[in-house]
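The values are calculated or read from the model by the stated rules, or taken from the named source; none is laboratory data. For clarity, every value in this text was computed on a predicted model and none was experimentally measured. Cβ sites come from the backbone with ideal geometry, for glycine too, and all protein chains shown count toward neighbours.
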Amino acid sequence: MSFLGTGFAAETGPHIQGKGLILRPFSVSDYSEWVKLRTVSREHLVPWEPAWAKNELTLASFRRRVRHYKREAREDLGYAFTIVEALSHEMLGGVTLSNLRRGVSQSASLGYWTGSPHVRKGVMSRAVSILLPYVFKELCLHRLEAASMPSNSASIKVLEKNGFVREGFARRLLKINGVWEDHLLFGLIADDVELSETKT
């Protein structure tokens, strides 16, 4: 696993590579591949995401999304990456670090999605595993949080495989596809990762 250009430049930003994947920031030039993957994956993604806006897949909406990602990164509030296959550079999905808090918290929230042609291939488990050293060593965060609907067994498996601990249950936490849904709460702290590395 390696970090390439980990100081966040306005256009390039950090590139994280390992386990056959590259995590890199989104750019406007990703639009055609992104919209194709999101379109073919819509049926798969809709049950697990906030309701899609009518203009969700337009170029204008994607441009706003990329501008938002860049602004968040410049201000150290969040980081968004597209997941690409290292050899073919095919887009496989995305992963985000959002709601990044410094001060006494030093924490962030983890989110992710996989395109439907690439599910059940271990893509997200690998992506999260190579993201964790960046979270705890490069960003120097103490804690990473995640939430999953109880019925989303694939998402829960990704978290548990990467050492996240189930910490609680939040009623009607997030509005998913127009409905307020219960979520299981997971957490991972830097000490957990260091302990895991010591044992291996």
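Numbers below:
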item	result
P14 vs. criteria at pLDDT below 95, surrounded by 13 or more Cβ atoms within 10 Å (Cβ to Cβ) and within 18 Å of R67 (Cα to Cα)	yes
Region 149-174 - residue that is more than 17 Å from the chain's Cα centre (by Cα) and among the aliphatic types (A, V, I, L, M) and, of those, nearest to I189 (Cα to Cα)	V165
Count of region 144-200 residues which are β-branched (V, I, T), modelled with pLDDT under 95 and more than 24 Å from T114 (Cβ to Cβ)	2
Subset of region 23-51 (residues that are of a type in the set (A, V, I, L, M, F, W, C), farther than 10 Å from G115 by Cα, surrounded by fewer than 14 Cβ atoms within 10 Å (Cβ to Cβ) and touching a residue at least 40 places away in the same chain (Cβ under 8 Å))	A51
Boolean, F81 is modelled with pLDDT under 95 and closer than 25 Å to I189 by Cβ	no
Residue match in region 69-78 (condition: among the hydrophobic types (A, V, I, L, M, F, W, C) and either under 24 Å from W180 (Cα atoms) or touching an Asp or Glu at 6+ places or on another chain (Cβ under 6 Å) (or both))	no
